[in-house]
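Notes to accompany the following structure.
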Amino acid sequence: MTEEHARGTEPECCSTPRCRDPSANVEHLNISLSPITSPNTSLLLQTPVHWYFSSPDGSWMPFSYLDSEAIEKAYNAGDQTGSISTDGGRYDVNLAARQRFPVYWVGSASAIRRCSWFYRSIHDIMQPYDEEKSTILEEHYSTAVKLRTFPMSVELGNGEVVIINSQSMMVRVSRSSTEQTSPTLVKRGVPQEDEIPPDEKGCVDHLVFLVHGVGSVGDAKQKSFVDC
């Protein structure tokens, strides 16, 4: 054993720049080092956006994943001139007008909305904020997470205030002269209780002839022929 090895001195190869600099071996091994990101970066993941339409009773119902993605694709592309087929071809969506209307029968159009923020209403159901208020909430939320400025109060007009207490805890209160409410839940992203309907492909696989006098019920679940 040499005197250098006896003293525990590093071998000669470890004194080279390649051995001392970990990044020097990256090119040789054909790998790359990932940059270290701030913990706050992961907190600002893109909000799950989903498209909804209004029902006759005033509630908001989600489109299927397939339909929502098709509408969102047209929205991101800035294509608001044509119609988007939804619900297996039974309804078309006019993105510019934010409307959904039936294709094969006469019926009134329903409103559609790009939804990302929700609040619990007085009827104990989660209702989506309109697109303008959702944008305001998302901007303030991003600022609060980046700068860690919790809690943050966001005025939405008419005495409505959303308090962002943390990344996952937001509440809504009313401070108007005519209404004073207890704090209610505010949710960023699609609520878990909202059931997304199954996807339907835009092809006709059966035809129904409705004879006068039979009525509009289409199955044992009392669904109308329109919804079957």
Of the listed residues (Val171, Val186), the one being over 30 Å from Asp87 (Cβ atoms), buried (at least 16 other Cβ atoms within 10 Å of the Cβ) and modelled with pLDDT of 90 or more is Val171
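For (1) under 24 Å from Tyr65 (Cβ atoms); (2) outside any strand (DSSP E or B), each residue gets a yes or a no:
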position: Thr135; (1), (2): yes, yes
position: Lys146; (1), (2): no, yes
position: Leu156; (1), (2): no, no
position: Ile163; (1), (2): no, no
position: Ser166; (1), (2): no, yes
position: Lys187; (1), (2): yes, no
position: Gln192; (1), (2): yes, yes
position: His206; (1), (2): yes, yes
Exercise for review: Answer yes if at least one residue in the range 152-164 is under 15 Å from the mean Cα position of the chain (by Cα), at pLDDT 95 or above and open to solvent by 30 Å² or more (accessible area, probe 1.4 Å), and no otherwise.
Suggested key: no
For this session: For the range 54-63, state whether one or more residues are over 21 Å from Leu185 (Cα atoms) and open to solvent by 40 Å² or more (accessible area, probe 1.4 Å).
Result: yes
Of the residues in the range 94-122, those that are under 19 Å from the mean Cα position of the chain (by Cα) and either farther than 28 Å from Leu137 by Cα or not hydroxyl-bearing (Ser, Thr, Tyr) (or both) come to Leu95, Arg98, Ala111, Ile112, Arg113, Arg114, Cys115, Trp117, Phe118, Arg120
Could you please let me know if Val103 is at pLDDT below 95 and touching an Asp or Glu at 6+ places or on another chain (Cβ under 7 Å)? yes
Reported set for the range 91-148 where residues are open to solvent by 50 Å² or more (accessible area, probe 1.4 Å), of a type in the set (Asp, Glu) and in contact with a Ser or Thr (Cβ under 7 Å, 6 or more places away or on another chain) is none
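The values are calculated or read from the model by the stated rules, or taken from the named source; none is laboratory data. This one's a predicted model, so the numbers in the text were calculated from it and none came from an experiment. Positions of Cβ are backbone-derived with ideal geometry, glycine not excepted, and every protein chain shown enters the neighbour counts. Side chains included, ligands, DNA and RNA excluded: accessible areas come from the protein's heavy atoms. Shrake-Rupley method; radii C 1.70, N 1.55, O 1.52, S 1.80 Å.
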